[in-house]
Amino acid sequence: MKNDEQVRTLFGISLTERPKWHQFLICSSGFFFGYLVNGICEEYVYNKLQFSYGWYFTFIQGFVYLFLIYLQGFTAKQMVNPWKTYVKLSAVLMGSHGLTKGSLAFLNYPAQLMFKSTKVLPVMIMGAFIPGLRRKYPAHEYVSAVLLVVGLIIFTLADAQTSPNFSILGVIMISGALIMDSFLGNLQEAIFTMNPETTQMEMLFCSTVVGLPFLIPPMLLTGELFKAWTSCSQHKYVYGVLVFEAMATYIGQVSVLSLIALFGAATTAMVIFTS
């Protein structure tokens, strides 16, 4: 019988007492649904509407997350970790989201995916250096990860050549997001490992609350806040698209956190970038 501290649920579906393949299938399905909708919405907003406001859109998304978490009944009183636990995690999370979304203004979607598909390798390497985790993998798993990455890059390159959109600024932005991603999954896994009572809702709530203020300086320094506010005010339906995207991504985010808690950061990275 599993310890009550390690019980996991996903939107009311009990995961802990199910077979591993059931857990994997349920969490992966939630992720695929969320990020399929997210990809469609991002393509529409960034490519068709030509709105390249990654930091601002991430900011809006954060408030939608908080509202949905509130509807789920989670409050700060249910926290089992101190707020300081989430400061580093939140900075990395918001930076990753903002840079990833913003890079679509300078890279086409296949090119971005090509870079992001390499995430599994830095995640595996970084896991050995995260306090509270210190995870190491056998040599054959590193070889498997390299082969997976190479295969994804070759597959994606063929698509990228059909609609080229390549900028050095976009490469810098997506590379920064990749570095942050290598920390992100491992930090999340470390928190789940050190305190099994941590829930997915607490992780998402705290990292969002702490992380939102980190988005304000880049929005102000780049002038994006005022540009985005003006553009979106002239096309108010964009907010509807953003809210719909955030709701779908919320399902994906909670599913990803469930995968990390149950299977670890490296396995989750492989699921995300074989999608």
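The values are calculated or read from the model by the stated rules, or taken from the named source; none is laboratory data. From a predicted model like this one, the values you see are computed outputs, not experimental measurements. Cβ atoms come from the backbone with ideal geometry, glycine included; neighbour counts cover every protein chain shown. Surface areas here come from the heavy atoms of the whole protein model, side chains and all, with no ligands, DNA or RNA. Shrake-Rupley method; radii C 1.70, N 1.55, O 1.52, S 1.80 Å.
Annotations
- Among (1) touching a residue at least 12 places away in the same chain (Cβ under 8 Å); (2) of a type in the set (A, V, I, L, M); (3) closer than 21 Å to Ile251 by Cα, the one test that Leu71 misses: (1)
- Of the residues making up segment 29-68, those that are crowded, with 20+ Cβ neighbours inside 10 Å, hydroxyl-bearing (Ser, Thr, Tyr) and at pLDDT 80 or above number 5.
- Any chance Pro164 is assigned to a helix (DSSP H, G or I) and either surrounded by fewer than 22 Cβ atoms within 10 Å (Cβ to Cβ) or modelled with pLDDT under 70 (or both): no
- Taking segment 76-106 as the range and being among the polar types (S, T, N, Q) and either in contact with a Gly (Cβ under 8 Å, 6 or more places away or on another chain) or open to solvent by less than 60 Å² (accessible area, probe 1.4 Å) (or both) as the test, the residues that pass are Asn81, Thr85, Ser90, Ser96, Thr100, Ser103.
- Counting only helices (runs of 4 or more DSSP H) that sit completely within segment 181-275, those holding 3 or more residues that are closer than 20 Å to Lys84 by Cβ and either among the polar types (S, T, N, Q) or open to solvent by less than 50 Å² (accessible area, probe 1.4 Å) (or both) correspond to 200-222.
- Residues satisfying the stated conditions in segment 225-260, i.e. farther than 15 Å from Val45 by Cα and either touching a strand residue (DSSP E or B) at 6+ places or on another chain (Cβ under 7 Å) or among the small types (Gly, Ala, Ser) (or both): Ala248, Gly252, Val254, Ser255, Ser258
- Annotation: of all residues in segment 119-132 being surrounded by 21 or more Cβ atoms within 10 Å (Cβ to Cβ) and more than 15 Å from the chain's Cα centre (by Cα), the one that is modelled with the lowest pLDDT is Gly127.
- In segment 67-87, the residues that are touching a Ser or Thr at 6+ places or on another chain (Cβ under 7 Å) and assigned to a loop (DSSP other than H, G, I, E, B): Val80, Asn81
- Pairs, first more than 18 Å from Gln23 (Cα to Cα) in segment 244-257, second open to solvent by less than 20 Å² (accessible area, probe 1.4 Å) and of a type in the set (Phe, Trp, Tyr), C-beta under 7 Å, six or more apart: Ala246/Tyr65; Tyr250/Tyr65
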